[in-house]
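To start, the structure itself, in structure tokens.
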Amino acid sequence: MLARVWSAAITGIDAVKVGVEVDVSGGLPAIVMLGLPDAAVVESKQRVRATFKNTGLNFPMRRIVINLTPADLRKEGPAFDLPISVGLLAASEQVSADLLGDYLFLGEVSLDGSLRPVTGVLPIATSALSMGITGLVVPTDNAQEAAVVEGLDVYAFDNIVQVVSFLNNPSRHEPVKFNFNEEPTIFTNSNVDLKDVKGQAHARRALEVAAAGGHNLIFVGPPGSGKTMLARRLPTIMPPLSFTEALEVTRIHSVVGLLKNRGKLVQDRPFRTPHHSASGPSLVGGGSVPRPGEISLAHQGVLFLDELTEFKRDVLEYLRQPLEDGSVTITRTKQSVTFPAQFTLVASTNPCACGYYGDAIQSCTCSPRQREQYWAKLSGPLMDRIDLQVTVGRLKAEEITQQSTGEESLSVRERVMEARKRATIRFQDEPSLRCNAHMQSRHLQKWCCLDDTSRNLLEAAIRKLGLSARASDRILKVSRTIADLGGDDEIKAHHVAEAIQYRTIDRMQ
């Protein structure tokens, strides 16, 4: 007898519907598996056989052919254990086949029949309705993750015996419910707060501007000046994730298997800190079967590159296209996958190889030639894409010993959220824009108009600093954000002047 069960496979962060066809016919007992299964899928034959034996189910001792369609798509992972088991049960007439066309099955099956959670359930659930699927059957530990998708009936079970009961008596089981009215949790990591930063008023202001406009940022300063400490506090002043943003982030983390709590959406802004020895594929994604890299894991959050000049130049050049487009496309021989990568880049670096160029206390030991070679590791096009370039100086003795604390993250976040609200109202007819940093040239002409004084100031900066057209556009975007923080509808000369001050590296050249 032939039975067909639906499952799904992950390509990028999207899902493809996979048919699991099981044919049980006469002949010598054997199991043949077709459809480009990987080792984990092929091993499911032995897991399923042992599961049937240990749970009292009847494993058909006949010739069994299992075909995974489409045949040219690589099938990976243990998530096909459950659909293969259900297909065998249906083909051997141990369960009713009435529901098989409406439901999609996912789950790893243990030898004792219990169901283990699998990765990538959320992307599959979000794609299920478009596949013509109305229900999803998953392990209990994946239940809340799948139930996030509204309009999809999700049934969760602890073991294969419960699945058999559901297929034979579906009316006895209720789908899992998800509370869509629950408010997202605001970032509340009490161990990290902007108030812990002493002094550095200019750097703190730059963090506020970066959070309000989604601008990329680099800190330049000697060792021990607090660059890393400042960067780690950026997520605490960024707005909490909206439901849509949380869903996007959770989908990516689900594919990679990084969900710490499968029952909830990711609520905190991602903060990724890859080591400077990271390769290009680990940063942007890749592999024979493309997987998300660090820039996609930082989607809607922060990618922090500490000691930027220690990264290989060719690795840093991989960032140029994602920084501009907000996504990255990985192309392989048989497929092309696009991953979202809309992140805020924060970097830190010393001003020279010894780290003390421009320091008021310790003298720099680098020659002009060495300093030139040091900065040559960072290309002009890459630096053009970093809106805020900020010098962080050594703290004074009285600042180090002061007992008073700075402004806390919660207060700064309130100003950031007000500025973002102004931008949201402005972009209400442009759904692709979420913050000022995402504006294109046509948007600048509409929302970043300058008066004569501001225009003359910007033109003088372009001539004196040798700024590119892209760098001047970045100044306009930052000016727009500074105006939003000040509650101003029009960009004024002092907004442009402050934005120009954030081009530290350009002024160092």
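The values are calculated or read from the model by the stated rules, or taken from the named source; none is laboratory data. Values in this document were obtained by computation on a predicted structure and should not be read as measured data. With ideal geometry, Cβ positions are generated from the backbone for all residues, glycine too; neighbour counts draw on all protein chains shown. Keep in mind that these areas ignore ligands, DNA and RNA; they rest on the heavy atoms of the full protein, side chains included. Shrake-Rupley method; radii C 1.70, N 1.55, O 1.52, S 1.80 Å.
Computed quantities for the displayed model
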item	result
Accessible surface of region 39-193, 1.4 Å probe, proportion on carbon and sulfur as whole %	45 percent
Accessible area in square angstrom per residue, region 430-509, 1.4 angstrom probe	49 Å²
Relative contact order (%) - criterion: Cα under 8 Å, at least six apart; region: region 1-122	34 percent
Near-label residues of region 22-50 by backbone N, under 15 Å of a point 7 Å along Cα→Cβ of R62	22-32
Within straight-line cross-link reach of K492, lysines at Cα separation under 21 Å, skipping those fewer than 8 residues along the same chain	K421, K446, K464, K477
DSSP-loop GluC sites (Glu not before Pro) across region 56-117, with at most 14 other Cβ within 10 angstrom	E93
Label-point gap, in nm, between T244 and S468 - each point 7 angstrom along Cα→Cβ	3.1 nm
Sequence-distant lysines (8 or more away, or on other chains) whose Cα lies within less than 22 Å of K312	K227, K377
For region 64-172, accessible area per residue (1.4 Å probe, heavy atoms of protein chains only), Å²	34 Å²
Accessible-area composition of region 258-392, carbon plus sulfur, in percent [1.4 Å probe]	48 percent
Trypsin sites (Lys or Arg not before Pro) within region 383-480: DSSP coil, no more than 11 neighbouring Cβ in 10 Å	none
Whole-Hz couplings from phi, Karplus 6.51/-1.76/1.60, listed for region 114-129; x for Gly and Pro	6, 9, 9, x, 10, 8, x, 5, 4, x, 5, 5, 5, 9, 4, 4
Spin-label proximity, L2 to region 100-129 - amide N less than 16 Å from point 7 Å beyond Cα toward beta carbon	101
Region 294-362 - accessible surface per residue (Å², probe 1.4 Å)	41 Å²
Chain lengthening between K421 and Q440 when straightened (0.36 nm per residue, less Cα-Cα)	4.9 nm
Contact order relative to length of region 318-361, as percent, for alpha carbon pairs under 8 angstrom and 6 or more apart	26 percent
D452 paired with S367, simple spin-label distance in nm, labels 7 Å along Cα-to-beta-carbon	5.1 nm
Label-to-label distance, nm, for residues given as E150 and S379 (7 Å Cα→Cβ offset)	4.4 nm
Nearby lysines by direct alpha-carbon distance to K45 (threshold 29 angstrom, same-chain neighbours under 8 apart not counted)	K17, K53, K75, K334
Cα gyration tensor category, rounded, prolate or oblate, for region 194-352 with a/c compared to 1.5	oblate
Coil-residue trypsin sites (Lys or Arg not before Pro) of region 243-329, DSSP, other Cβ within 10 Å capped at 12	K260
Theoretical FRET efficiency, 1/(1+(r/R0)^6), r = Cβ-Cβ of S171 and T134, R0 22 Å, to 0.05	0.90
Helical mean residue ellipticity (222 nm; -39500 (n - 2.57) per DSSP H run of 4+; nearest 500) of the chain	-10500 deg cm²/dmol
Region 106-124 versus region 452-509: alpha-carbon centroid distance in Å	53 Å
